[in-house]
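J.: Pasting in a structure now, in structure tokens, and then I'll have a few things to ask.
The values are calculated or read from the model by the stated rules, or taken from the named source; none is laboratory data. Bear in mind that the values here come from a model prediction, so they are computed numbers and not experimental data. A quick note on method: Cβ atoms are made from the backbone with ideal geometry, for glycine too, and the neighbour counts reach across all protein chains shown. We work out accessible area using only protein heavy atoms, side chains counted, and drop any ligands, DNA or RNA first. Shrake-Rupley method; radii C 1.70, N 1.55, O 1.52, S 1.80 Å.
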Amino acid sequence: MKSIFGVLLVLMVMSIGEAELKENFYSSSCPNVESIVLQAVNAKLAETQTFTPIPATLRLFFHDCFVEGCDASVLIASPNGDAEKDAPDNLSLAGDGFDTVFKAKQAVEAQCPGIVSCADILAIAARDVVVLAGCPSFSVELGRRDGLISAASRVAGNLPEPTDDVDQLTAHFAAKNLSQSDMIALSGAHTIGFSHCTRFANRLYSFTPSNPIDPSLDPNYAQQLIQECPQNVDPLIAVNLDPTTPTIFDNVYYQNLVGGKGMFTSDQVLFTHPSTKPAVTNFANSPSRFNAAFAAAMRNLGRVGVKTGRQGEIRRDCTTFNS
């Protein structure tokens, strides 16, 4: 009886947290927050004059939500190197993503001090960057508070790996109360961005003893990757996740999967597995269906593990907990 009560209490807290998220959360306290964040995102892109802040900010949102929930815990900096961002799985997060959020927070604080959480700013910025890359706009639910825990030790096992199969991917997302449909749609984020060669080199040189190159790879694409990622290449070398339209947010990622051009095992299995192949084919054939599914999945992702009320705080500085 006691354990059942505990489970019910947890479910009540989770549902209350989600219920408190709403699109117009700051309509009275900081009505211009979304335009302030968008202006800061545009300023960051103009400053860097590169595409990097766009995939970097989107990836930052995903990594944040999948560990402690969407609570900006990934933004905390530790002098001891033991915060969430210091975990091995997070060391490849690009600095431009962090800087985009930090600059947006500074701009928001200048007009609405102590009102808007870093978690909400990250959620808004993640939407803004994909829209700037070509995704149709969608609304973002707000009202998150910033988390009170950020530990490198809590990251392992929470993030999907590039070697995962469909069952492993589905389990990772189910653990966050996200469906297989959400997983397939959110994988479409790989239509932009890049990865380091070490993340997929096993598919080129050591897939199996009899097949060093993964046979599910299109042969021409495999040779392209081998040229870009020769053995013992500098680990900092990065390759576009989408070899066709790497800076445009579109459904070409799914068309690539149909053609055997998924960079990671976790990409290509979405087309080769019977449970996920129909959705991949559907998205490959219809940009509008992918865009709608992606927007819905991003809203669902944004509800994962949110902190509301006394569960968190409104950080003055995204990199440090309030005193």
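J.: Given contacts defined as C-alpha pairs under 8 Å and at least six residues apart, what's the relative contact order of region 166-301, whole-number percent? If you can, show how the numbers build up before the last one.
T.: Details: 179 pairs, mean separation 42.7, N = 136.
Dividing the mean separation by the residue count of region 166-301 yields 31 percent.
J.: Something else now. In terms of the ratio Rg/(2.2 N^0.38 Å) built on C-alpha atoms, what value belongs to region 241-321?
T.: Compactness ratio reported: 1.49.
J.: Which whole-Hz couplings ³J(HN,Hα) result when phi for each residue of region 226-239 is put into the Karplus expression 6.51 cos²θ - 1.76 cosθ + 1.60, θ = phi - 60°, listed in order with x for Gly and Pro?
T.: Rounded to whole hertz, the list is 5, 5, 7, 10, x, 4, 6, 5, 3, x, 7, 5, 10, 10.
J.: Just the number please: accessible area per residue for region 110-155, 1.4 Å probe, all protein chains included, in Å². It would help to have the intermediate numbers written out before the result.
T.: Values: 1440 Å² over 46 residues.
It amounts to 31 Å² per residue over region 110-155.
J.: Right, another one. Based on the Cα coordinates of region 166-301, what is the per residue volume of their convex hull in Å³?
T.: Taking the convex hull of the Cα positions in region 166-301, it is 111 Å³ per residue.
J.: Taking the alpha-carbon distance from residue 261 and a cut-off under 25 Å, which lysines remain once sequence neighbours fewer than 8 residues away in the same chain are dropped?
T.: Cα-Cα hits under 25 Å: 277.
J.: Under a point-charge model restricted to the Cβ atoms of Lys and Arg (+1) and Asp and Glu (-1), what is the dipole moment magnitude of region 197-261 relative to its Cα centre, in debye to the nearest 20?
T.: My answer is approximately 140 debye.
J.: Turning to a different aspect of this structure: Averaging the inverse of every distinct alpha carbon separation and then flipping it gives the Kirkwood radius. What is it for region 34-154, in angstrom units?
T.: That comes to 14.3 Å for region 34-154.
J.: Right, something else. Any chance you could give the angle, 0 to 90 degrees and rounded to 10, that helix 53-65 forms with the longest Cα principal axis of the chain?
T.: For helix 53-65, the angle is close to 70 degrees.
J.: Per q in 0.18, 0.21, 0.22 Å⁻¹, report the Debye log10 I(q)/I(0) for region 172-231, using one uniform scatterer on each alpha carbon and no solvent.
T.: Normalising to I(0) and taking log10 leaves -0.79, -0.89, -0.92.
J.: Right, here's the next one. Can you give me the relative contact order of the chain as a percent, contacts being Cα pairs under 8 Å and 6 or more apart?
T.: Relative contact order for the chain comes out at 25 percent.
J.: Rg and Dmax of the chain, using alpha carbons, in Å: what are they?
T.: Gyration radius and largest Cα-Cα distance of the chain: 19.8, 64 Å.
J.: With N set to the residue count of region 79-139, report its C-alpha Rg divided by 2.2 N^0.38 Å to two decimal places.
T.: Against the compact-globule rule of thumb, the ratio is 1.31.
J.: Highest first, please rank the peptides 230-243, 255-268 by the mean number of other Cβ atoms sitting within 10 Å of their residues.
T.: Ranking, from highest mean packing down: 255-268, 230-243.
J.: A further question follows. So, with a 1.4 angstrom probe, what is the percent of accessible area on the chain that is carbon and sulfur? Working shown, then result.
T.: Details: 8090 of 14500 Å².
Answer for the chain is 56 percent, counting heavy atoms of protein chains only.
J.: A follow-up question, please. Which value at 222 nm does the chain reach when only helices count, each DSSP H run of 4 or more adding -39,500 (n - 2.57), with the total divided by all residues and rounded to the nearest 500 deg cm²/dmol? Walk me through the numbers before you get to the answer.
T.: Values: 13 runs with 149 residues, N = 323.
After summing the helix terms and dividing by residue count, I get -14000 deg cm²/dmol.
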